[in-house]
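Peer 1: Quick one: structure below, then a few questions.
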């Protein structure tokens, strides 16, 4: 049985919960009091992860401590179709890796801005918001071109494949919860269409602040993120 050291409001933990749901993988969630308890910084938790952050995934005797590395591991091990992490296609795999690195940027800007607004982290929020908008503009333009390539009969995803990959999941919650950090998505129509496509996936699961497509509401909601 997989064990996920988890926090409901963490986008990085949510990425793992979402992929395991999409892959129909059973796991046990161990709650970590990220806020206000700061349990991830405790001496006891540092025995699990000396870096003092979540998520942490334990699969048998194997321990993995980085959110995007966990996505890669889960897809490589538990997706027999090879669609989520396409190791049999070097060009597509390279593109997925490229957008996984892009996701580090959305986490370090959009998600960090939410931590500033909701948990009082002492960040330069204006710089974070400007950085997030710069990345959103790049991604919105990229997705628009992907939509043109896919045509009316094919959904467009971040990587050049007819199906989503771990790159979509790595970026999705940072974008979806950006309003909570004062970062509007109104100027990014292709980005909004893409978030709708992700939310329509079979076995998609929610987290606080992320609603079904039919229940989407404008403007920021309650705090629903934690950079970990």
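The values are calculated or read from the model by the stated rules, or taken from the named source; none is laboratory data. This one's a predicted model, so the numbers in the text were calculated from it and none came from an experiment. Cβ atoms come from the backbone with ideal geometry, glycine included; neighbour counts cover every protein chain shown.
Peer 1: Which pairs have Cβ atoms under 6 Å, sit 6 or more apart or on different chains, and link a residue in region 92-121 that is farther than 17 Å from residue 171 by Cα to one that is part of a helix (DSSP H, G or I)?
Peer 2: Taking only residues 6 or more apart or on different chains, the pairs are 116/125; 117/181; 121/115.
For (1) crowded, with 18+ Cβ neighbours inside 10 Å; (2) touching a residue at least 40 places away in the same chain (Cβ under 8 Å); (3) farther than 22 Å from residue 203 by Cβ, each residue gets a yes or a no:
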| residue | (1), (2), (3) |
| --- | --- |
| 12 | yes, yes, no |
| 25 | no, yes, no |
| 28 | no, no, no |
| 32 | yes, no, yes |
| 36 | no, no, yes |
| 42 | no, no, yes |
| 47 | no, no, yes |
| 69 | no, no, yes |
| 77 | no, no, no |
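Peer 1: Name the residues in region 149-188 that are over 12 Å from the mean Cα position of the chain (by Cα), assigned to a helix (DSSP H, G or I) and surrounded by 17 or more Cβ atoms within 10 Å (Cβ to Cβ), would you?
Peer 2: Kept after step one, since they are over 12 Å from the mean Cα position of the chain (by Cα), are these residues of region 149-188: 149-164, 179-188.
With the extra rule that they be assigned to a helix (DSSP H, G or I), the set shrinks to 149-150, 179-181.
Residues satisfying the conditions are 179, 180, 181.
Peer 1: Still on this structure, please answer the following. Take residue 126 and tell me if it is surrounded by fewer than 17 Cβ atoms within 10 Å (Cβ to Cβ), part of a helix (DSSP H, G or I) and either under 17 Å from the mean Cα position of the chain (by Cα) or modelled with pLDDT of 95 or more (or both).
Peer 2: On the way: surrounded by fewer than 17 Cβ atoms within 10 Å (Cβ to Cβ): yes; part of a helix (DSSP H, G or I): yes; either under 17 Å from the mean Cα position of the chain (by Cα) or modelled with pLDDT of 95 or more (or both): yes.
It is true that residue 126 is surrounded by fewer than 17 Cβ atoms within 10 Å (Cβ to Cβ), part of a helix (DSSP H, G or I) and either under 17 Å from the mean Cα position of the chain (by Cα) or modelled with pLDDT of 95 or more (or both).
Peer 1: Right, another one. Every residue in region 1-60 that is assigned to a helix (DSSP H, G or I) and more than 15 Å from the chain's Cα centre (by Cα), please.
Peer 2: Answer for region 1-60, where residues must be assigned to a helix (DSSP H, G or I) and more than 15 Å from the chain's Cα centre (by Cα): 39, 40, 41, 43, 44, 45, 46.
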